[in-house]
Structures are given as C-alpha cells and as structure tokens.
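Notes follow the structure.
Quick note: the coordinates plus some simple rules give every number you see, no bench work behind them. Only a predicted model underlies this, so the values are computations on that prediction, with no experimental measurement involved. We place every Cβ from the backbone using ideal geometry, glycine too, and count neighbours over all the protein chains shown.
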Amino acid sequence: MTSPVSPEKFIVPIGPQHPALKEPGHFEFTVDGEIVTNASARLGFVHRGMEKGTESRTWVQGLYLMERVCGICSHVHAMAFALGVEKLAGVQAPPRAQAIRVLIGELERIHSHLLWLGVAAHEGGFDTLFMFSWRDRETVMELLETISGNRVNYSANVLGGVKIDIDDKQKDALLKGMDFLEERTRHYLKVVTEDETFLGRTRNVGKMTYEEADTLGAIGPTGRASGIQRDVRVNSPYAGYPDFPVKLVTATAGDLEARFVVRIEELFESYRLVREIVEKLPPGDLAARVPRRIPEGETISRVEAPRGELFYFMKSNGSDMPERIKVRTPSLCNWASVLVTAVGHKLADMPMILAGIDPCFSCNDRIVTVTDHASSNQMSWESLRQYGIEYYK
Amino acid sequence: MNITFPIYVALLFFPGGLFLMASGLFTEYIDRKLVARFQNRVGPRWFQPLADFVKLLAKEEIIPTGVNKALFVLLPIIALTAALTAALYVPLFGFKPVYSFSGDLVVTLYLLSMMTLCIGLAGANTEDRFSLVGATRALTQLFSYEAPFLLALLGPAIVLGTWNIGEINAGATSGTWFIVLQPIGFIVALIGLMGKLELPPFDAPEAETEIVAGALTEYSGRGFALFKLGRDVELVIGLTLIASFYLGGFTNPLDFLWKTLLLLFVTAALQSLFARLRIDQTVGLWWRSGMILVLLQLVVIILGTYLAPLVRPLLGG
Amino acid sequence: MSNIATTVMDKLKTWARVNSPWAIHFNSGSCNGCDIEILATLTPRYDVERFGIKLQGSPRHADVLICTGPVTLQARDRLVRIYEQMPEPKFVVAVGSCGISGGVFQGCYNVVGDISEVIPVNVYVPGCPPRPEAIIHGVVELLKSLQK
Amino acid sequence: MVIDDDLKLAESLLEKITISSTRPEENRVDFIIHASDIKKATLKLLREGHWGYLSAITTLDCPEYMVDETTKEKKLVPEKGHLEVLYHFCRDAAVATLRVSLPYEDPTIDTICDILSSATLYEREAAELMGITFRGTPNTDRLILAESWPEGVYPLRKAFTGLKDLQTPEEGVCS
C-alpha cells in the first residue's frame, strides 16, 4: 500500500476539535484528483495508557478500569475481562449471573445502536431523526438505570458473577419497554429505507464486497453488512449465550444503507433476546468466589461488542496483579478495513462512510499515524469535499 | 389601510427600523420554537433571540490576523443596511409600502441577495479554511436559487402587468389568490426563500457538523450579531413578499399576521422534515427541477395573457 | 446620570449573558461516557435550549467550554488553543470526575489528570458520568455565579 | 467437535515450520515459530488454508527477575530477558496463535502488511509501545503517543515506570 508522493497531493486534516465528531480524531485523506489514494487517521488524543495502568492495579481494580475504556460499551469490556479472569482462575459463574450478563449486554447493544442511529443522522444533517431516536433511547437508559442504578458505566459485573438482581417489578418494566421500542424501531426501519434525502447519502456509498471484507478482517455490523458470517455470539457463544441462541443478521449489499439496516435488524434480535431472558431467567445465586491471587496462565476472551468482536488477551503471573492485558477493540478492525476500502472511493462520500462504521475513538486509541509530506497543502475536510463537488459538476 | 407615515417615523420606528428588527427577532423565536416542537422538544423562551443579540453585542470582538480589517468590520453593517432598505418597498404589516416606484420588485430582490454576497465576502476575507469553504458554498447556492426565485415572483407581476410591489399587492387582493392560479410559482418561491436564507435542508453553507459554522466561523461579538439580525429581517421580508404575492395581498395588519405565520409554519415543517442536502444535490435540485418548472409556468402565463384577448371574443363572444 | 446608565447597561449585559450561554464541547481524552450524557442534554427529555444553551461549532461563538476527560498529553495543547480562541468573557465547565482528578486513569503514563492544571476551570461537575440533570445543574450554578 | 477439526487443520497446515505446538485450552492452539518464518506461516494460514482472519497482534515483555537478598522483592535484571510477539488468528470458535520470541538487543521481524494490508495498524502499535521494528512495513510514523513523547521510550516495557521519573513535563497552567 505504499503510496508514491504525487505532486498535487492534498492532505486534509479534520479535528481534533470538530463539531461532527463527538470525540477527538484527526483524519488525513490523501487524494489524487478525485479518488482517495491513501486514508489514515491520527487519533491518540484519547490514549490514556490503560494497558500499562492495569499492570499497576489489582485484578478487581482492573475490572473498574476496563469498564472505562469506552463509555458506550462499558459492560462488554467488563464482561470480557471478568470471563477471562474466571477462565484463568478455573471458576464458573452461576447460570443466573451468566443470563443477567447477557441481558445487560443486549440492553447495551440496543442503547448503542439507537445512539449511533441518531449520531449518523445528525452527521447527515437529519436532526429530527437524531432527536427522535435519542428520545426513544431514554427508555432503554431508564431500564438500565432501574436495573443497575446508573445510566452509563453500570458496573454490573463482579469477578465471578454479577452484583445486581432482576426482580418481578423490573421484569415487567423491561417487557413494557421492549414493546414500545420494537414499535418505534419498525418506524425507523421504514425511515432509513424509504426517506429519499437519506438514501441519497447512503445508497451504494462506501461499498465493501464480501472478499474485501473477508480478507481485511471486517467484523461486527460493518462486516455483516457485506455478508460476513462473523458474530462471536453465534460462532463461539460465551456467558449465557449457549442457552439463549442468537440468529445471525447479515445483508449482502455492503454499502452504507446495508449497515444501517443490519444494525436496526439487530435491534429486533436484541428485543427478542431480552424478552426470552426475562421469561426464562434461571434461579440460583449471583456470584461465585474468585481468589485474590489468580494462578499463572494466559487466556483469550472474545466477546461481541455492539461494534464487533472485542478481543482480550490476558496473562497472569500468580500474583494479585495482572502481568499483561491486551485489548483489541472492534473499532480498530473496522477502521483498518474501512480506511483500506476508502481508497478508490469518491471524496464526497467520506463523511458518511466514517460515520457509517460507528467509530468509537476512545475504544481504539491506537490508530495509524499521519504521513507528513512537505509538499502537501492543507485543505479542510469540507474544502476537500467541495473540491470533489467542483470536480463532479 | 393606506395611512402614510412621515418619512422619519417610517424609517426609524414603525414599519422600518426598530419595529422591523423586533419582529425579525420575534419571527426567529417562532421559527426556533416551531422546529423544536416538531422535534418534540420544549424550545427556547420568547426573549431568547433578544438575549442572544444583546449578549453577542456585549462580547469581545476578535479580529483574526491576515484579515482586511476595514472589510471585516464593514461587511456585517452593509448586510444589515441592505436588508433594512429592502423593507421600504415591501408592504410590511399590511400598510402601503413606504416608498414604491415601478420596478422596485427587482431592486428589493437584489437588495435581499446582498446579504448572501456579504456573507460570501466575509468568508473569503479570512484565512480560516472552514470559512473559505463556507463562502464558496454560500455563493454557489446564491447563483443556483436566485434566478428561479426571481422568476417565481415575476409570475403574478406579469399577470397584473406591473412591477411595482405596492400595485401587485393591491391587485392580488382583488382577484382569486395566485396560489390557486400559479401553484408551481408558489412552491418554487417558498423553497427559493428557504434556499436564500440557508434554512435546513439547504443549510450546506453553514453545516454545523461539517464546516464548523461556514463563512461566519471567524466572526464573534458585534459582527456575528449583525449578520444574525440581518438574516432574521430578511426572513420577515421574504415571508411578506410571498404572502402578499401568492396569498392574495393584505389590506390590514391582521390579514398580514395570519398569512405570514401560516407561511412560517410551513417553512418550519419543511425544515424539520428533511436531511441536509449535499451542496451538489441542492444545486442539482435547483437547476434541473426548479428552473424548468418556473420557465414552464411563465410560458403558460405569457400564452395565457397574450392569447386570452384573441381567444375570449371567439369563446365568450 | 452616567453611573445610572452604566448600572443599567451592566444589568442588561449580565441578564443577556445569563440567559443565552452558548456552549462548545471538547473531549480531551474522555471515555465518551460524559460526552454522550452531554449530548443527551440536547435531546427532547432534557432539552437545554429551554435555558438558551446552544451547542456551537466554532470557539468564536461560544461562551462556555464544556470539557470532559483527563487531558491526555496529546490533547493538552489543542485544549489550550481552543481556550484561547474563545472571546472574553469565557467560562469552563469540567464535566466528569476525570477532569477533576484524573478519575480512574490516575497514574496512567499519558494522562495529565486534572483540567485545572491546563486551563482555569469555573465549575466542576463530579460523577462518572454525571447525569444530564447534574450537567445542567452545573451550568445553572455557573450562571448563578455570573449574577453576583 | 468442530473446534477440534479447525485446530487439527491449523496444525496440519503449519506442522513443517512449527518448532512446537501446544493446546493451552480446548479452543486454542499455540505454535512457536522462528522469527524468519512469520511470512510463510501467515501465507499458509491465511491464503492457502483460508483459516479465519488475523484478529490481533499482542506483544509481551518477559524480562528476567532476580530476587534481591536484602529486600527479598523481585528486581529487574537490566538488558536480560526477551520480547514475545503473538499473532492471533481466529476461525469461528478456534484461535491459533503464532508465538515468536525476539531478543532484547535486536527485536526485528518481517512485516505481514504485504499479505494483509490492514495489519499495518497492529504493527504500528506494537512498534511504538513495545519497541519492535517491523522490516518493510509501509508506514513508520508515530501512532498513538503524543508528539511530545521522547524518542526511544517504550511505555509497555516493564523497565518503564513513568514519564515523571524520566523528566518533568513542561509547564501547564496558562492565564
């Protein structure tokens, strides 16, 4: 992928402070005429050095640190960490705890997908859809709050199980919430597939074929929109998923619209799962004891975050502090595959392509760096898009 | 009601200066409140635009380096004065226009588009890339909606055979409303007004999520306040123009009020219904559909007015 | 006569500043838990536009800088630059316990830890993340302090 | 069981170049290979065997410790020990890990970017945080650490204990 330095190379820097990005990011698109020749992002603004942080904290403190890798998918990180520690310690969390973990994981997927639907619409200038989807998201935030006491960072996980319980009153609140959300999501599915101004920005934009997605290792909804059969909940079920099977949702078009549709269909799947768990919640206690000192060993724990497969490599050295925790977040894979497929695409589609993969910077504060070329002249994100449009006219 | 006001009162207080600015602020409030209510939000309080305006006046004005200082300060003032002078020829609040001469329709329209020109210049004046792009977008959009908007307003002028806004307003009150006779003209005029004021879905030139604040990124304090006020005043004038042409003119203030508020309701609804169009889509929409529709309608009008006297004796006899 | 005019002018200025505080949001390394709560304050259920608070794009138009996150080394000088671009009178609201003490990330190598080490802060909103009501309360406290 | 067949397939693909392969867990297999065979191994796994996808590259720092007689707590032996690079490939539930150990003095390995272009991200991170150089990798600029970060300091190494000990960060508060 070595890109020769052609004379009229435009490097477009955006950010780090930019109203479209709710988080700091700095994107550089090198362009040759109209076609993107090299796309790279320089993040690092959110790099807090957490992997090193875990090495100076005990396992229990590490759990709370790992929950704050990313605010939107905090439960998934904590669950992956807890599952890994239980595997190392040879402890099995009780079935009720596993089911509650899956329940909160699905509720978090609902809140994350609704959040993304609003932010992507806001990026495309469709503020009404942003307001409506975030208003409906408040129902799921309320449910999470009734169950775990906090709207974000619910810290439901404990090493060896869960520390919250679901009583009957909460169960019917959950069922009522799911019915309301299902009916609203049907409306959003109609809006996303029929509103022509929105389709103008999403239909066959940022297309990624099955082969491209497969070789580049695209995962999560971005990969599934190109037909990749990859969902950790289906391929290698963990926690409570073996007794609550998940249906794989895929599309084939691989463009931005397909990514919207895949995420919304996953919402329906999550509603079904939550209903099923609430009915068939197994009895039993909530947590098993995990020793302070974890025996020496290495393990890999893979979990399906709302944005794709989350990969934890954990190594313990027998003491009460971990030897090495490696976190590979889903957005890193999505970044890699999208930045590579962005090459060859039109410039005018860049903003929506980036918004389309639901980028979560704080998840992946470790992305490709900028290529500094003395000859480049600096254009803003928008002037690059403007350049694209002039070229088109 | 055709009481004529002494020139100074008209200019400074009643239909002209202060009252117009106050009604501009109030229209902005209604617009923001309607859009908020459409989005199921509570929306601002009634004095919000006034508070914004006074606060911006009290803020420190930063003049960025590498900017032509005189132009930077002058442009907002020119923009506001252009908008205010355009108000003289328009039958504001149901009263006869303060000053009118034949052909003042064209003068008013070009005074109104002076504002977008000033924003374009303001954007090009600074080195900040975001405002450079905002400026190019604003001017592209100016060229694309200006012609259809003018032609749409010409429809009633041709039928009534006069280019004087006051007379068109008077003529419109007599016959059936022009919205019935020329529906295409009304639609193109309304959407043209939204394009002129860069209201969403045509707010590409100041797309908050893409280019920060477009041409006005570098402005703060007084300059930004004057630009915002100029845009509000232009909203009032545009609504009165379309209401007087297409909704059968107005003779008394009450008539004026309910017609402009109706139009404001329609624009607020349109604002919250659509996603922001990319700049090439807006330009495409205007040149392909807007222009052709209006030209078609003009041909029909011209045929109608000139052929009618020949045909009527044959038919009516 | 002139001091009556000035007091009226001052009262008018503070009234305007209290009733239309425009905000700009900068994430200096936060885990974006606080950022989605700040965004939630715009949505129908909390709707800060009732108090006149509008999220602005450009630092030039903003009075209040809402800053989240424990200021990583990378984001430090950008934060200072954004702060300097804002016109006087400007205020800073640090949202989330990361901005106050580095929160959970204290001791990590790439983190400065406390926003007031980089830019002067007027109001701290503790919580990880604070609820939208707490963030609105923080801004309202800031506005009250303007009144005095 | 399906996982077992995947693992056997991986083992058959790589048996010529692996020094030794172990099964730490029922769905994982580890292959210890030479640093020079990394390109061949990835080619075999990804291209010939179509064995899943590259999920992550982990880097481990395994220094040697010696127990200090007086204080009885472990102390690092400077410049002793080795670095380890792990390439994790996933295929449904099975995970195959290629383990390569590199000496402290010359931690270099070939890049796999020509086989898998998106691997540049993982290599960039490993290079910057752990100090491993990837021969022939297309882009070597700073990845995630701040521009003001001193050259040659690798935060994930066990020897690194914090920026403050190295030098005091420059002044902070402004106006």
Roughly how big is the range D:2-141's charge dipole about its Cα centre, with Cβ charges of +1 (Lys, Arg) and -1 (Asp, Glu), in debye to the nearest 20? 280 debye
How far apart, in nm, are the 7 Å Cα→Cβ label points at B:Leu273 and B:Ile7? 4.6 nm
Rounded to the nearest 5, what % of the DSSP beta bridges within chain C are antiparallel ones? 5 percent
Given the range B:40-147, report the % of alpha carbon pairs whose separation exceeds 17 Å. 68 percent
Cross-link reach list, aspartates and glutamates versus A:Lys247, counting only Cα pairs under 19 Å and skipping chain neighbours closer than eight places: A:Glu106, A:Glu108, A:Glu182, A:Asp231, A:Glu265, A:Glu266, A:Glu269, A:Glu276, A:Glu279, A:Glu304, A:Glu309, D:Asp92
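Taking a temperature of 10 °C and a viscosity of 1.306 mPa s, what whole-number D in µm²/s does Stokes-Einstein yield for the range A:50-345 with Rh from Kirkwood over alpha carbon pairs? Walk me through the numbers on the way to the answer.
Numbers: Rh = 19.7 Å.
Rounded, D is 80 µm²/s.
Percent relative contact order of the range C:4-147, based on C-alpha pairs within less than 8 angstrom and at least six residues apart? Intermediate values should be presented prior to the final figure.
Numbers: 262 pairs, mean separation 37.1, N = 144.
Relative contact order here is 26 percent.
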With +1 at each Lys and Arg Cβ and -1 at each Asp and Glu Cβ, the charge dipole magnitude of the protein assembly as shown around its Cα centre, to the nearest 20 debye, comes out at 1900 debye
In nm, to one decimal, how far is the C:Lys144 label point from the C:Ala5 one, both placed 7 Å along Cα→Cβ? 3.6 nm
Which of the lysines could be linked to C:Lys54 by a straight reach, that is with a Cα gap under 27 Å, when you skip same-chain ones fewer than 8 residues away? A:Lys22, B:Lys33, B:Lys55, B:Lys59, B:Lys196, B:Lys228, C:Lys11, C:Lys13, C:Lys90, C:Lys144, C:Lys148
Give the total of Lys-Lys pairs in the range D:2-141 with Cα-Cα distances below 28 Å; include a pair only if its members are 8 or more places apart or on different chains. 9
Going highest first, how would you order B:55-68, B:264-277 by mean Cβ packing within 10 Å? B:264-277, B:55-68
On full extension of the chain, what length is gained from B:Val107 through B:Thr85, given 0.36 nm per residue of separation minus the C-alpha to C-alpha distance? 6.9 nm
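Given R₀ = 35 Å, what would the calculated FRET efficiency be for B:Tyr99 paired with B:Leu295, taking r from the Cβ atoms and rounding to 0.05? Please report the intermediate quantities before stating the final value.
On the way: r = 32 Å, r/R0 = 0.91.
Efficiency, rounded to the nearest 0.05: 0.65.
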Ranked packing of C:30-36, D:99-105, most packed first, by mean Cβ within 10 Å: C:30-36, D:99-105
Quick one: which of C:113-126, A:214-227 comes out on top by average Cβ neighbours within 10 Å, and what's the full order, highest first? A:214-227, C:113-126
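Defining a contact as two alpha carbons under 8 Å apart and six or more residues distant in sequence, what relative contact order in percent does the range C:69-148 show? Display every interim value, and only then the final one.
Numbers: 110 pairs, mean separation 26.8, N = 80.
So the answer I get is 34 percent.
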With a Förster distance of 25 angstrom and the Cβ-Cβ distance between C:Leu12 and C:Glu88, calculated FRET efficiency to the nearest 0.05 equals 0.90
By the Kirkwood definition, with r running over pairs of different Cα atoms, chain D has a hydrodynamic radius in Å of 18.2 Å
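What does the structure give for C:120-133 when I average, per residue, the other chain Cβ atoms found within 10 Å of the residue Cβ?
Working: counts 3, 0, 0, 0, 0, 0, 0, 3, 8, 7, 1, 5, 3, 0.
Taking the mean over all residues of the peptide, I get 2.
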Relative to a virtual label point 7 Å from the Cα of A:Thr58 in the Cα→beta-carbon direction, which members of the range A:85-113 show backbone nitrogen distances below 19 Å? A:85-91
Within 10 Å of each Cβ in peptide A:206-216, how many partner chain Cβ atoms are there on average? Round it to a whole number, please. 2
What translational diffusion coefficient, in µm²/s and rounded to a whole number, does the Stokes-Einstein relation yield for chain B at 25 °C and a viscosity of 0.890 mPa s, taking the hydrodynamic radius as the Kirkwood radius over Cα pairs? 121 µm²/s
Note on the range B:1-107: contact order normalised by length, alpha-carbon pairs under 8 Å, 6 or more apart, percent, works out to 32 percent
Taking the convex hull of the alpha carbon atoms in chain C, what volume per residue do you get, in Å³? 102 Å³
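Looking at chain D only, what percent of DSSP beta bridges run antiparallel? Nearest 5 please. Could you put the intermediate results ahead of the total?
On the way: 27 of 35 bridges.
If I count the DSSP bridges inside chain D, around 75 percent turn out antiparallel.
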Quick one: angle between helix D:2-14 and the longest Cα principal axis of chain D, in degrees between 0 and 90, rounded to 10, please. 80 degrees
Neighbouring partner chain Cβ atoms per residue of D:50-60, average, 10 Å criterion: 6
Taking only C-alpha positions in the protein assembly as shown, Rg and Dmax in angstrom work out to 31.6, 125
Hydrodynamic radius of the range A:43-156 per Kirkwood, over alpha carbon pairs, in Å: 15.7 Å
Separation of the D:Ala159 and C:Asp77 label points, Cα + 7 Å toward Cβ, nm: 2.8 nm
